[in-house]
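Notes follow the structure.
Any read-out appearing in this document is the output of simple, stated calculations on the displayed coordinates, not a laboratory observation. Keep in mind that what you see is a predicted model, and the values were worked out from it rather than measured. Note that each Cβ is placed from the backbone with ideal geometry, even for glycine, and that neighbours are counted across all protein chains shown.
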Amino acid sequence: MSTNTTAEQDYFIPEPSRWPAVGVAGLFFTVLGFALWMNGVGFGPYSTMIGGAILIYLLFGWFGDVIDESLTNKYNSGVDRSFRQGMFWFITSEVFFFITFFACLYYFRNISLPSLGGEGHLATSNILWEGFKYSWPVVNLPDVTNYTQIIEPMGPGGIPAYNTIILLTSGVTLTWAHWGLKKESQSQLVIGLAMTVALGLFFIALQAYEYFHAYTELGLTLNSGIYGSTFYMLTGFHGFHVTLGTVMLIVILIRSAKGHFSEENHFAFEGVAWYWHFVDVVWLGLYVFVYWL
Amino acid sequence: MSKSKMILAVLASLLLTTLAGTAYADYALNFPEPVAPLTQQMYDLHMLTTKIATIIMVIVIGIVAFVLIKFRKSKGYEADQNFHKSTFGTWSWTLVPIIVLGIDLTIAGSATDALQQVEDYSQKADVTVKVIGSQWKWTYEYMDDDIRIVSNMLPKEEAGDNYLRAVDNPLVLPTGKRIRFLHTASDVLHAWWVPQIVYKKDSIPGYINETWTNIQKEGTYRGQCAEICGTGHAFMPIVVEAVSPEKYEAWKAEKLMVAEAAAAEASSDKTWTKDELYARGEGLYNTNCSGCHQVNGTGMPGVFPGLVGSKIATGDIDAHINIVLNGKAGTAMAAWAAQLNDLELAAVITYERNAWGNNTGDAVQPADLKSARK
Amino acid sequence: MNAVIHETDHHHDHKPTGYKRWLYSTNHKDIGTMYLVFALVMLFIGGAMAMLIRAELYMPGLQIVNPDLYNNLVTDHALIMIFGMVMPAAAGMANWMIPMMIGAPDMALPRMNNMSFWLLPAAAILLLSSLLVQFIPGTGVPVNTGWTIYPPLSVQVGMGMDLLIFSVHLLGISSIMASINIVTTILNMRAPGMTMMKMPLFVWSWFFTGLLLIIVMPVLAGGVTMLLFDRHFGTSFFDAAGGGDPILFQHLFWFFGHPEVYVLLLPSIGVLGLVIPTFSRKPLFGYKPLVYFMGFLFALGLVVWAHHQYTVGMSLAVTTYFMIGTILISIPIGLMIFNFIFTMWRGSITFETPMLFAIAIILMFSFAGVTGVMLAVVPADLQYHDTYFVVAHFHYALIPGAVFGLYAGVFYWLPKWTGHMYDEKLGKIFFWWTTLSFNLTFFPQHFSGLAGMPRRIVDYNIQYIEFNQVSSIGAFAFGLSHLLFLYIIIQTVRGGKEAGAKPWEGAQIGTPGLEWSLPSPPPFHSYTTPPEVK
Ligand code: HEA
Ligand code: HEA
Ligand code: CUA
Ligand SMILES: [Cu+2]
């Protein structure tokens, strides 16, 4: 990059690209498929599969172009800053996405459920649910007719505790990899990333096992009332983000192995690292508010 | 009357650019006359803010008009390029917000008393009515007496000019008593609103909201459901009949007697003939069920199933009883167990099984319902 | 390699051709044009729905549509006007003007820019199919919920709701991407010497708009996702029997929905910040306070959402907080209004079409604002809520506040965009026609609301007939005026007097921005080297 003498003047404007349109088509067929699928229309699953396939094609294509451009030094420092700022604002919006669900949890626990249980300022509501007493986790629902009964709520020990340790460790290995990058030590970078990926995969596996356990033994399902709903909404979206983050880490790992990054030019690495730390922090929130308190 | 209102409306519209909200004094263009202390307070508050709004608009329009007349290029006016550097230019950014803040606090301050009143639930109520919104009718339960009223919209032929504002069974309330309303709903959100006597609070399924009033004047007060609740949202009017406490007591006594008789009838072990049930069922069907399933039982394809020749209405009796008693979760079909008594349910079901060519010949007995309720 | 591209790019004004120029575009002006054209199309679709609504309400009784179709039209009218018309039009102007105003070669992330746009037609297809699926049997109740899609009603209705939810997801992604792009462009792409405090007000307005969208769109996405789960996967977020609360959805919706109204308003305030100084031949009065108070509005706007829910039963303390917060919003907006008036004060005013619209906005939006403050007063709102008084308030806010601002922008910048002057006489006719018919449409609705007419009803009692007839007649006239608008635009695009680089002489005194240093229409790539900023 530093070889480009006109770096400060020439902001790279890409030639017309088919990828945005491809991306739109992919998203469109995916969500259209979901909508049809949920309503039992036969074409739905196919549409989603088509959309998914297009999106995978898109990722290879678009990122491929960006990697090419990056490797042929088309990006000056201005472009690099745009990428960083773009990533920053993207993570900001993701933060608000998670804040939404934490806020919902707060709302249920401190505002609406107490009313149903006969406290707070809509306490009269309790006459509709005689016998309902509020306590968290809500094991006995106001009316269980349409829901399934929880046998046992989820505790903070065991898998969630291991997962906390795993994710915190992965943050450390990732930072260690970053140091490697700064020292231009390819092996430290690759080993660090590989460990991070492994920890990510391990986390996902444990969480999958936890879900399995919850469904089969604890009676804790999407269908078991508000505790199950919030539990799966928060941990599920988090797990989804971990999965995305792991995929991104794998891409970065491959690129590191190919020696794509240098001390000055490694926005992709940093973007993924920020994302991973963000996912990490969300987990800490989850651990405290979903499993523990 | 109606011509003049039209002309007024047109005039008022055209007047906007010169004077906002001129015609507010006439009740035809304003809230209907409030007849309870709280709605009176709200009305006064509304008049106050309207006046403030009008004054602000007069000021804004006045300044702009002056500017437009005075500072136009066609009159050769040269722009003053240093105006924003004058003392006013330097300080206006504090001046304007301070003035606006002052007006704001005046408005907010004038609202606090009424707000306290709205939220004051400490006083004991003389009458408590639970108001239940359902798609698309209102049910009133007098909490202190065992009275329930189901209130449906009157069809056009009967309601005349009050169509969409008239019901078969109005809510009857005494004047001069503190009345407490508990609002809830059985299916989706609704809002019970009779502007002259009570403001709105949403009816939320599973939760209870409160409002209260104290009606000062006998009369018939009308309102409408004020929260969108689906297909029939336009068709769930509200009528309150406010009567003197004496008349109210008399009405209550009579109502209780009738209810008692009906209950006795329903729980007696009498076996009813098909025709008796059918005849009772027809009326009940037309007030309770025809909103969705239609008077001729054809339903609305894709939305509400037709009952003509339907599997349930011509098949297994127990399945039929079950869906009417318990409804079907997740659909508009509500549970009727709490809304109709055994006799009424038996009658409706019998009617459905024999009307519109559903000639099953079955006569469902109250006793069947009684056992199904367990 | 690098150098070669620049040779071809810069020295000849070469453009890609054919469908690829548009579908694959990475050019901010082309994308801006697509946004604007899309918005125009949606204006007519959403407007046609409004015409159906007003035709149905012309008389009591059910004449044209059934209750479900009516409410579905209301739902889609609102969503199309807001997401399909106002936001894309404002984004189109941002795309066109922001890079030119701050001296940037293009938007910061040009490919993503194109994706933000093309998601809109995809979302529009989903939205329109949510309206159309009701004609296929077996798809359940139509989306008869209003644009606020409150559960439990929205859990009850049929397949259209799922299409709508996914449409909202795509719209959200589109807005977030567009906002990230715009905010990044503003922060990172300014020409040397173009400090933040030298940026035109329009750029500032979009800066805050972008921030608002980045914050609130994910919340809406979260809310509708929960709704989707309640509908299909057995969760109980909005069902009391399972421990949930329908009101929570309203909090999520309005946490998005209230800032959204400032998303609609701010770009148009930004346009006023250019139009008024231009035609007053005088710099903007109090530029700095305007910027700071816009920031204040941004912050305050985020924390007053529950004024849409006074009737849901919040505690006294919470209600009081939201009431005071909401009323305080008159401070930043009041400052804006008065600073615009003071810009005209001692100016040398001429009355071209954009200026006429600007003046109308000052008057009519102030009116919307003061009725807004009336609504903010809780005890009174317990009476106003969900009546036509609210409908009148928000059309006064939306049409003068947002749409007229966009019209002003269109007339102000058409010469720049196309290189041709529009027909001033037709522009003035359009102005008077819309302004009068707009007031005729919506002013009477204040009174039908006060008299007790609830909103979202397909049929009404005859006592409201006069108001509704006047309103419908006004609406048809207002609708027709848009055919003139279309005509003016087409005429200007196809030809007309040469505009020259500086079509408005007043701009040289009032708003001497970078954009006027480029020819009209500007070359495909605006700046080969960053421009000088004085
Ligand atoms: C562009 C869109 C826009 C804008 C800018 C606004 C601006 C405001 N709105 Fe409005 N509003 C809507 C669009 C908008 N609104 C919509 C779409 C709805 C209905 C949604 C639905 O339910 O479907 C709605 C509904 C709505 C409600 C809910 C009503 C109800 O459902 O019961 C309330 C209540 O507080 C409200 C208040 C306000 C206030 C206080 C402002 C303020 O920002 C206004 C501030 C401006 C001024 C005050 C004027 C200028 C100031 C001066 C001239 C200084 C002097 C003034 C004073 C001292 C008062 N609005
Ligand atoms: C930016 C947003 C926006 C805009 C521009 C408009 C524009 C218009 N709106 Fe709308 N409206 C909303 C946002 C908007 N609206 C919202 C948020 C709601 C609440 C929804 C809800 O309750 O959920 C609403 C609800 C709403 C209602 C209340 C419905 C109800 O509660 O039952 C009504 C009724 O009169 C109405 C009317 C109109 C009219 C007549 C126009 C006109 O200005 C439209 C004019 C434009 C055109 C007409 C262009 C098209 C021109 C042609 C098609 C040419 C042909 C012309 C003819 C045949 C005459 N709107
Ligand atoms: Cu019930 Cu609207
Ligand atoms: Cu608002």
Out of segment C:441-454, which residues are at the interface with chain B (Cβ under 8 Å from one of its Cβ atoms) and under 22 Å from the mean Cα position of the chain (by Cα)? C:Phe443
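Table: residues versus (1) within 21 Å of C:Ile165 (Cβ to Cβ); (2) more than 16 Å from the chain's Cα centre (by Cα).
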residue: C:Tyr24; (1), (2): no, yes
residue: C:Ile31; (1), (2): no, yes
residue: C:Phe38; (1), (2): no, no
residue: C:Leu69; (1), (2): yes, yes
residue: C:Ala78; (1), (2): yes, no
residue: C:Ala89; (1), (2): no, no
residue: C:Ala94; (1), (2): no, no
residue: C:Leu109; (1), (2): no, yes
residue: C:Ala123; (1), (2): yes, yes
Scanning segment C:349-376 for residues that are among the aromatic types (Phe, Trp, Tyr) and either under 17 Å from C:Pro277 (Cα atoms) or within 8 Å of chain B (Cβ to nearest Cβ) (or both) gives C:Phe351, C:Phe357, C:Phe367
Within segment B:95-119, can you find the residues that are more than 16 Å from ligand 1 (Cβ to nearest atom) and in contact (Cβ under 8 Å) with a residue 40 or more places away in the chain? B:Asp113, B:Gln117
Could you check segment B:351-368 and list, in sequence order, the residues that are over 30 Å from C:Gly140 (Cβ atoms) and either in contact with an Asp or Glu (Cβ under 8 Å, 6 or more places away or on another chain) or free of Cβ contacts under 8 Å to residues at least 40 places away in the same chain (or both)? B:Asn359, B:Pro366, B:Ala367
For segment C:464-500, which positions are more than 28 Å from the chain's Cα centre (by Cα) and either hydroxyl-bearing (Ser, Thr, Tyr) or surrounded by fewer than 21 Cβ atoms within 10 Å (Cβ to Cβ) (or both)? C:Tyr464, C:Ile465, C:Gly495, C:Gly496, C:Lys497, C:Glu498, C:Gly500
Among the residues listed as C:Ile125, C:Ile82, C:Ile176, C:Ile165, the single one being of a type outside the set (S, T, N, Q) and within 16 Å of ligand 4 (Cβ to nearest atom): C:Ile82
Identity of the residue in segment C:377-411, more than 8 Å from chain B (Cβ to nearest Cβ) and either among the small types (Gly, Ala, Ser) or not in a helix (DSSP H, G or I) (or both), that ends up nearest to ligand 3 (Cβ to nearest atom): C:Ala392
Identify the single condition in (1) part of a helix (DSSP H, G or I); (2) surrounded by fewer than 24 Cβ atoms within 10 Å (Cβ to Cβ) that C:Thr139 does not satisfy, given that it satisfies every other one. (1)
Among the residues of segment B:295-303, is there at least one that is in contact (Cβ under 8 Å) with a residue 40 or more places away in the chain, of a type in the set (A, V, I, L, M) and part of a loop (DSSP other than H, G, I, E, B)? yes
Is there a residue being assigned to a helix (DSSP H, G or I) and more than 10 Å from chain C (Cβ to nearest Cβ) anywhere in segment A:128-149? no
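Can you name the residue in segment B:224-246 that is of a type outside the set (A, V, I, L, M), away from ligand 1 (no atom under 16 Å from the Cβ) and assigned to a strand (DSSP E or B) and, of all such residues, is nearest to the other protein chains (Cβ to nearest Cβ)? Please lay out each step first, then the result.
Filtering segment B:224-246 down to residues of a type outside the set (A, V, I, L, M) leaves B:224-225, B:227, B:229-233, B:235, B:237, B:241, B:244-246.
Adding the requirement that they be away from ligand 1 (no atom under 16 Å from the Cβ) leaves B:230-232, B:235, B:237, B:241, B:244-246.
From the residues that got through so far, the ones that are assigned to a strand (DSSP E or B) too are B:237, B:241.
Values: B:Pro237: 8, B:Glu241: 18 Å.
Applying the filter and picking the extreme gives B:Pro237.
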Tell me which residues, restricted to segment A:212-226, are within 12 Å of chain C (Cβ to nearest Cβ), part of a helix (DSSP H, G or I) and either among the hydrophobic types (A, V, I, L, M, F, W, C) or within 21 Å of the chain's Cα centre (by Cα) (or both). A:Ile226
All positions within segment A:10-49 that are part of a loop (DSSP other than H, G, I, E, B), facing another protein chain (nearest Cβ under 9 Å) and over 18 Å from C:Ser116 (Cα atoms): A:Asp10, A:Tyr11, A:Phe12, A:Asn39, A:Val41
Qualifying positions in segment B:35-47 - more than 9 Å from chain C (Cβ to nearest Cβ) and buried (at least 17 other Cβ atoms within 10 Å of the Cβ): B:Val35, B:Ala36
Residues in segment C:301-312: is at least one within 16 Å of ligand 3 (Cβ to nearest atom), polar (S, T, N, Q), outside any loop (DSSP other than H, G, I, E, B) and touching a residue at least 12 places away in the same chain (Cβ under 8 Å)? yes
Selected residue (criterion: nearest to the other protein chains (Cβ to nearest Cβ)) from residues of segment C:234-268 that are within 16 Å of C:Val203 (Cα to Cα) and within 16 Å of ligand 4 (Cβ to nearest atom): C:Val263
Selection status of C:Phe367, under 15 Å from B:Ala65 (Cβ atoms) and outside any helix (DSSP H, G or I): no
Does C:Val304 qualify as being more than 9 Å from every other protein chain (Cβ to nearest Cβ), more than 16 Å from ligand 2 (Cβ to nearest atom), over 30 Å from C:Gly506 (Cβ atoms) and of a type in the set (A, V, I, L, M, F, W, C)? yes
Looking at (1) more than 7 Å from every other protein chain (Cβ to nearest Cβ); (2) more than 23 Å from C:Phe202 (Cα to Cα), can you tell me which one C:Ile327 breaks? (1)
Test of understanding: among A:Val95, A:Val79, A:Val66, A:Val41, which residue is buried (at least 20 other Cβ atoms within 10 Å of the Cβ) and among the β-branched types (Val, Ile, Thr)? A:Val79
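Tell me whether segment C:221-244 contains one or more residues that are at negative phi, of a type in the set (Asp, Glu) and without any contact (Cβ under 8 Å) to a residue 24 or more places away in the chain. Before you say what the answer is, go through the steps one by one.
Within segment C:221-244, the first condition is being at negative phi, and the residues that meet it are C:221-233, C:235-242, C:244.
Add one more test, that the residue is of a type in the set (Asp, Glu), and what stays is C:230, C:239.
The next check asks that each one be without any contact (Cβ under 8 Å) to a residue 24 or more places away in the chain; those that pass are none.
The answer is no, given that none of the residues of segment C:221-244 is at negative phi, of a type in the set (Asp, Glu) and without any contact (Cβ under 8 Å) to a residue 24 or more places away in the chain.
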